[in-house]
Structure formats: structure tokens, C-alpha cells
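Novice: After the C-alpha cells below, expect a handful of questions from me.
A short reminder: the numbers here are calculations on the coordinates, not readings from a lab. Remember, predicted model here, so these are calculated numbers, not experimental data. Here the Cβ positions follow ideal geometry from the backbone for every residue, glycine too, while neighbour counts run over all protein chains shown.
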Amino acid sequence: MIHDPHHTIIALAVRAPSGLTLTFADGATFGIDMARAVTAYPALSALNDPALFAMARLDALGGYVIWTEDDLEMAADNLRNLAIEQAGGIGPERILNWMAKHSLTQERAAQAVGVSRRMLNYYLSGARPIPKTVWLACLGWETVGELSHV
């Protein structure tokens, strides 16, 4: 039984030298280029080895892409966020990081950007794509907040 179709991977294909194609249980398919992530995060540097990268596989529940057991893996939610960002969208982690930076609850964050808490939850869970206008509202809220303290 799939509990979270937005963060459960049901199919994986490796595209040399550093690409993955992932299909999620909700039907979305994304291509991801892992090259920048491998360079940016030292914990992933072993994936520079093409033979190791080609060994990518799914865990039993589709929640992770695994290269080496208990040592080198990436969670489905992080991979989906990366794919959305690479496609020019706004990934849920961007909003979550903004909320954490400003110590905002979901209720306060929803009020700050002018959406309902339910809609914010849809965005954060990946159930709905995050409109660019919502991200621009986050940035605008930061600017207004900074100006009000001057």
C-alpha cells in the first residue's frame, strides 16, 4: 500500500553519466541531473564514479534511491524537490526553508503569503505545484519585514 504517492518512486532509470529518470506513484515522471548535487555535497562525491552511479536502485518501499546500503542514498522527497527545481518550478523545500528561517508556523506562513493553511499544506506535501506568485509573496514578505525593522 502506498501512503504518499508524491514521495514514492515506482520506477527508476539511470542515464549516464549523472542522470536519473524517476516515476512517482502519482504518475509524475522527472528527469534529474545529479551532477551539481554530487559536486555540492561531499557526502555524495562517491557518485562521481560512473560504475557506482550506474548501480542506483530503489529500496523496497520506493522511498529512497540507494547506491550503497545504509551509506549512500537519497530520499524520494529530496529527489522530487530537486527535479522540480531543475525544471524551473518551486520545490517544497524552498518554502520549508523560508518558514524555518523566519520561525513561522504553517498558520503564520499561510497568512503571510495570503493562502489558506490547507493550500499551504498541499504545496508543502507536493500535492499541488507551488505557483511562482507564492514564492514571490515569500520574498515580498521578507522585504516588508526587513523594512519594518529599519
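Novice: What list of ³J(HN,Hα) couplings, whole Hz, do you get for region 43-49 from phi and the Karplus terms 6.51, -1.76, 1.60, once you set θ to phi - 60° and write x for glycine and proline?
Specialist: Couplings: 5, 9, 4, 4, 6, 5, 7 Hz.
Novice: A further question follows. Residues with beta-carbon under 11 Å from that of Phe24, excluding Phe24: net charge, scoring Lys, Arg +1 and Asp, Glu -1?
Specialist: -2
Novice: Could you list Asp70, Asp33 so that the one with the fewest beta carbons within 10 Å of its beta carbon is first and the one with the most is last?
Specialist: Asp70, Asp33
Novice: Among Val144, Val65, what is the fewest-to-most ranking by other Cβ atoms within 10 Å?
Specialist: Lowest count first: Val144, Val65.
Novice: Give the angle, between 0 and 90 degrees and rounded to the nearest 10, that separates the Cα long axis of helix 92-101 from the longest principal axis of the Cα atoms of the chain.
Specialist: Tilt relative to the chain: about 50 degrees.
Novice: For the chain, what's the relative contact order in percent, using C-alpha pairs closer than 8 Å and at least 6 residues apart?
Specialist: Normalised by residue count, the contact order of the chain is 16 percent.
Novice: Can you give me the relative contact order of region 5-86 as a percent, contacts being Cα pairs under 8 Å and 6 or more apart? Mind showing how you got there, number by number?
Specialist: Details: 127 pairs, mean separation 22.1, N = 82.
The normalised contact order for region 5-86 reaches 27 percent.
Novice: What's the angle, to the nearest 10 degrees (0 to 90), between helix 76-86's Cα axis and the longest principal axis of the chain?
Specialist: Roughly 70 degrees, rounded to the nearest 10.
Novice: Sticking with this one: 5 Å is the cut-off here: which amide hydrogens, built 1.01 Å from N in the peptide plane, fall below it relative to Met34, excluding neighbours closer than 5 in sequence?
Specialist: Amide H neighbours of Met34: Gly19, Leu20.
Novice: Over all directions, the average projected area of the alpha-carbon convex hull for the chain comes to how many nm²?
Specialist: Result: a mean projected hull area of 10.2 nm².
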